[in-house]
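Asks: Let me begin by handing over the structure; questions about it come next.
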Amino acid sequence: MKKLKYILFSCLAVALMFYSSCKKAFLDEKPYSSYTPITLNDSLGFEASLIGLYNHVSTIYSYADQQGWPSVWQVGTDVANATTNQQGVEVPYYDYTQLTPTDGAAAYMWNRNYILINLSNVIIDGIENPSVSAISAKGKASINAEAKFFRAYAYNTLATLYGRVPLIKNALTAPKTDFVRAPLNEVNDFIINDLLFAVANLPDIESVKSNTKGKMYGRANRFMAMQLLAEVYLRTGKNDLAEQQALGIINSGKFSLNKARFGVKASLPGDYYSDLFVYGNQRRSQSNKEVIWTLEQENPSSVVGGITNNPQQRRVWGTGYYAIQGMVLADSLGGRGLSRLRLSNWFLYSLYKPGDIRNSQYNVKRRFYYNDPANAKFGQIIPYTGPDTLFKINPSITKWNQFDPNDTFGFAMIKDFILMRLGETYLLLAEAQFKQGKLSDAAASINELRKRAFADYPTRGQVQSSDINLNFILDERARELIGEENRRMTLMRTGTLVDRAINLNSNDAAKPLKGLTAKNLLLPIPLTEIQLNKDALLEQNPGY
């Protein structure tokens, strides 16, 4: 009987499908283009769209289709070189003769940021629509501010990397093939206006929106907008305004430099600086009072979609020590890395002064010891001899160390991304003060970091106003922010990429710097964007 029932059901389904297919209406096409505008009219829709912005930003940091992606922003600068274990995408960023308009990394960054702009514009257009009446004026302002922060974030990246770029103020609702590059001052003014609105309307860091698990500190707060605004003001020469924004963060009382052991590994070997970057310590809700913005990720083995791709930071920055006989994978050694980059000789041997905690064994790993108890050399130091030491046991930073017992192969990384913290705020402040000729104030700002870095400060570590210049500030950024900041963007923003890379990092024997010139202070506009823009001229940057 059951078999007969199924046969009858199947026949009925086929009959209905045949009947429907014979009706003329069934053949009517209903094309939905990717430009079909999204209608947002209630708080749930806006909230989902805002969360989508964080998801999209994570695709910039978690990109794994080209595993050398994090190397792009470090190698060929002053702080790092590629190794023989490079992956490919980073090659034009130390051999600049190969950096052309067809470059994949430049195209990916352009693509990710313009998508972020359009996603933000959809929200902004929606919340500014007078027909949206179910949300209070304060609620509208908060939603608008969060979206405008991300739009400004994307445009600042584009302006820093490419200079003049097309300015798209509203969501695209139809194909557009006549983009032109806007004057840089117009782009900058647009960014600043967005950020001023965000500063005025984003919540305080202690009152950001909650979810069922408690405070979502990863959501945008006004101090994130202030930090970004300080950077924009520096890039645009508004140094007094940059100083105001940085001081506003520092004097808010909401943040403090970490100077004591804390968190999940406080009882294990380490120090109060390395604790900042331990998995489980990176969020404000985990007692990290130095972070201003942590892009929070979740382990995909426990939260589906917790990370958008497979972040490669540990594999890029960490070493392949386990490839040496007598070595096994260990949490204490950061899990499985591949050393796709190597810290420059300048960084390793000239940058730090004795006693600087940021150069301790817990922050820059310089010595490795055989750790396999079954090996006769257990406990002995591994010599820097033999083949391939450049990626097996080369000195490396520990900020991206992380071991997931569920993924011992270590393809993905499950750490959060600390995108803004107070240590950088002091450096932005010092830069703003220096550029105004306030050398004593700039020295005092840097000394706040030095007090944390040197146990016997001021006997060691204190700087004087006579020490302060732009190169010294950039040196201090390397000491404090190695592995965190986008070093390439910092040097492009300050116009120092060519001089610093050539003067400090041009003699690497394995992958030497080639062809770096002033044109590389900007990236090429992707050729595909120029070719598809058939109804207007999208100009290329000079020299490309």
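Asks: Condition (residue is in contact (Cβ under 8 Å) with a residue 12 or more places away in the chain, at negative phi, among the aromatic types (Phe, Trp, Tyr) and buried (at least 22 other Cβ atoms within 10 Å of the Cβ)) applied to the range 396-407: is it met by at least one residue?
Replies: Yes, the range 396-407 contains at least one residue that is in contact (Cβ under 8 Å) with a residue 12 or more places away in the chain, at negative phi, among the aromatic types (Phe, Trp, Tyr) and buried (at least 22 other Cβ atoms within 10 Å of the Cβ).
Asks: Tell me yes or no: at least one residue of the range 219-241 is hydrophobic (A, V, I, L, M, F, W, C) and over 22 Å from the mean Cα position of the chain (by Cα).
Replies: Looking for residues that are hydrophobic (A, V, I, L, M, F, W, C) and over 22 Å from the mean Cα position of the chain (by Cα), one finds at least one in the range 219-241, hence yes.
Asks: A further question on this structure: Could you tell me how many of the residues in the range 231-251 are in contact with a Phe, Trp or Tyr (Cβ under 7 Å, 6 or more places away or on another chain) and not in a helix (DSSP H, G or I)?
Replies: 0
Asks: Now for a different question. Looking at the range 390-442, which of the residues that are touching a strand residue (DSSP E or B) at 6+ places or on another chain (Cβ under 9 Å) and among the acidic types (Asp, Glu) is farthest from GLN227 (Cα to Cα)?
Replies: Here the answer is ASP416.
Asks: Could you identify the single residue in ASN375, ASN406 that is at pLDDT below 95, part of a loop (DSSP other than H, G, I, E, B) and not acidic (Asp, Glu)? Working first, answer last.
Replies: Details: ASN375 fails: at pLDDT below 95.
Result of the check over ASN375, ASN406: ASN406.
Asks: Here's a follow-up. Which one of the conditions (1) under 15 Å from ASN401 (Cβ atoms); (2) of a type in the set (Ser, Thr, Tyr); (3) surrounded by 17 or more Cβ atoms within 10 Å (Cβ to Cβ) does SER332 fail to meet, given that it meets all the rest?
Replies: Among (1) under 15 Å from ASN401 (Cβ atoms); (2) of a type in the set (Ser, Thr, Tyr); (3) surrounded by 17 or more Cβ atoms within 10 Å (Cβ to Cβ), SER332 violates only (3).
Asks: Something else about it: Against the condition surrounded by fewer than 13 Cβ atoms within 10 Å (Cβ to Cβ), over 18 Å from PRO269 (Cβ atoms) and of a type in the set (A, V, I, L, M, F, W, C), how does ALA374 come out, does it pass?
Replies: yes
Asks: Condition (residue is touching a residue at least 24 places away in the same chain (Cβ under 8 Å) and touching a helix residue (DSSP H, G or I) at 6+ places or on another chain (Cβ under 7 Å)) applied to the range 374-390: is it met by at least one residue?
Replies: Scanning the range 374-390, I find no residue that is touching a residue at least 24 places away in the same chain (Cβ under 8 Å) and touching a helix residue (DSSP H, G or I) at 6+ places or on another chain (Cβ under 7 Å), so the answer is no.
Asks: Ok, one more. Of the residues that make up the range 350-360, is at least one in contact (Cβ under 8 Å) with a residue 12 or more places away in the chain, part of a strand (DSSP E or B), of a type outside the set (Gly, Ala, Ser) and surrounded by 19 or more Cβ atoms within 10 Å (Cβ to Cβ)?
Replies: Among the residues of the range 350-360, at least one is in contact (Cβ under 8 Å) with a residue 12 or more places away in the chain, part of a strand (DSSP E or B), of a type outside the set (Gly, Ala, Ser) and surrounded by 19 or more Cβ atoms within 10 Å (Cβ to Cβ), which makes the answer yes.
Asks: OK, next. Looking at (1) surrounded by fewer than 20 Cβ atoms within 10 Å (Cβ to Cβ); (2) part of a strand (DSSP E or B); (3) of a type outside the set (Val, Ile, Thr), can you tell me which one ALA107 breaks?
Replies: Condition (2) is where ALA107 drops out.
Asks: Looking at the structure I just gave you, is ASP467 among the acidic types (Asp, Glu) and under 24 Å from ARG358 (Cα atoms)?
Replies: yes
Asks: For the range 420-436, state whether one or more residues are buried (at least 19 other Cβ atoms within 10 Å of the Cβ), basic (Lys, Arg) and under 30 Å from ALA64 (Cα atoms).
Replies: Looking for residues that are buried (at least 19 other Cβ atoms within 10 Å of the Cβ), basic (Lys, Arg) and under 30 Å from ALA64 (Cα atoms), one finds at least one in the range 420-436, hence yes.
Asks: If you take just the helices (runs of 4 or more DSSP H) that sit entirely in the range 455-515, which of them hold at least 1 residues that are among the acidic types (Asp, Glu) and without any contact (Cβ under 8 Å) to a residue 12 or more places away in the chain?
Replies: 497-505
Asks: What do you reckon, is LEU257 outside any loop (DSSP other than H, G, I, E, B), at pLDDT 95 or above and on the phi < 0 side of the Ramachandran plot?
Replies: Details: outside any loop (DSSP other than H, G, I, E, B): no; at pLDDT 95 or above: yes; on the phi < 0 side of the Ramachandran plot: yes.
So LEU257 fails the test.
The values are calculated or read from the model by the stated rules, or taken from the named source; none is laboratory data. A quick note: this is a predicted structure, and the numbers were derived from the prediction, not measured. Don't worry about glycine lacking a Cβ; one is built from the backbone with ideal geometry, like all the others, and counts go over all protein chains shown.
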